[in-house]
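Asker: Have a look at the structure that comes next, please.
The values are calculated or read from the model by the stated rules, or taken from the named source; none is laboratory data. Because the structure is predicted, anything quoted here is derived from the model rather than measured. Heads up, the Cβs are rebuilt from the backbone with ideal geometry, glycines too, and the neighbour counts pull from every protein chain shown. The accessibility values were calculated without ligands, DNA or RNA, using every heavy atom of the protein model including side chains. Shrake-Rupley method; radii C 1.70, N 1.55, O 1.52, S 1.80 Å.
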Amino acid sequence: MADSRRLIPFSKTLFLLLFAWISLWVRRIVWRRVGLKLYRNWKTSIALGIAAGVLLEALELFVTQPLLVKWLGKHPDLEVFRALHGNLKWTLIALTGAWTLAAFGEEMVYRGYLMNRVADLLNRTRTAWIASLFAVHIAFGLAHAYRGSTGIIDEGLSGLLLGVIYLRTGRDLSVPIIPRSLRLD
């Protein structure tokens, strides 16, 4: 909400990542414990990440976005990306930011930190992880409110699927980081 009022100058992800880091540090928890590790090995992590990225993009391009546009009558609001059109310099800067903030930062915050915190509050049971998956990804969708209602739902669904990947890989962040690094938004 604060970023929609221009109170956060660049990205809320930086502030959330700093908060998460401090919270983990105070509790003496290392990032590795919440998933900053490889899934089995580099080859497996990269292969699974690329496959997940291709599948997520295909799902969004051919299924979720067309259905949401049909149901809601609106395309996602991509106005914030208009400045990149025809501008290689800003596109490269945006890609660097996306790789850093979206791929790494959002995965660390939403999947690594928040999903674990919500599950902790509910004693880490199977039900706790399911509740965490849905609660965190509703928040994740809302964090993309700048893209309008279509973007909120679409990003919430993408986040939900990345959360499922995170859980299915034994709470490993390397696999969901890779598909996020393949996207600009």
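Asker: How much net charge surrounds residue 35 when only other residues with a Cβ under 9 Å from its Cβ are counted (Lys, Arg +1; Asp, Glu -1)?
Answerer: +3
Asker: If I model a spin label as a point 7 Å beyond the Cα along the Cα-Cβ vector, how far apart are those points for residue 23 and residue 51 in nm?
Answerer: Rounded to a tenth, the inter-label distance reads 3.2 nm.
Asker: What FRET efficiency do you get for residue 85 and residue 127 if R0 is 45 Å and r is their Cβ-Cβ distance, rounded to the nearest 0.05?
Answerer: Calculated transfer efficiency: 0.45.
Asker: Expressed as an acute angle from 0 to 90° and rounded to the nearest 10, what is the orientation of the C-alpha long axis of helix 88-97 relative to the principal long axis of the chain?
Answerer: Value to nearest ten degrees: 20.
Asker: Now for a separate question. For the range 2-119, give the percent of accessible area contributed by carbon and sulfur heavy atoms, probe 1.4 Å, rounded to a whole number.
Answerer: Carbon plus sulfur share of accessible area: 68 percent.
Asker: Same structure, new question: What full-extension length gain, to one decimal in nm, is calculated for residue 11 and residue 59 as 0.36 nm per residue of separation minus the Cα-Cα distance?
Answerer: Extra length available between residue 11 and residue 59 comes to 14.6 nm.
Asker: Counting each DSSP H run of 4 or more residues in the chain as -39500 (n - 2.57), what helix-only mean residue ellipticity at 222 nm follows after dividing by all residues, to the nearest 500 deg cm²/dmol?
Answerer: Calculated mean residue ellipticity at 222 nm is -18000 deg cm²/dmol.
Asker: Something else: Rounded, prolate or oblate: which fits the chain, taking a ≥ b ≥ c as square roots of the Cα gyration tensor eigenvalues, rounded meaning a/c under 1.5, else prolate when a/b beats b/c?
Answerer: rounded
Asker: Using Stokes-Einstein with the Kirkwood hydrodynamic radius over Cα pairs, what translational diffusion coefficient do you get for the range 15-120 at 10 °C and a viscosity of 1.306 mPa s, in µm²/s rounded to a whole number?
Answerer: Rounded, D is 95 µm²/s.
Asker: What number, in nm² with one decimal, is the all-direction average of the projected area of the convex hull of the alpha-carbon atoms of the range 118-185?
Answerer: Computing the convex hull of the Cα atoms and averaging its projections yields 4.6 nm².
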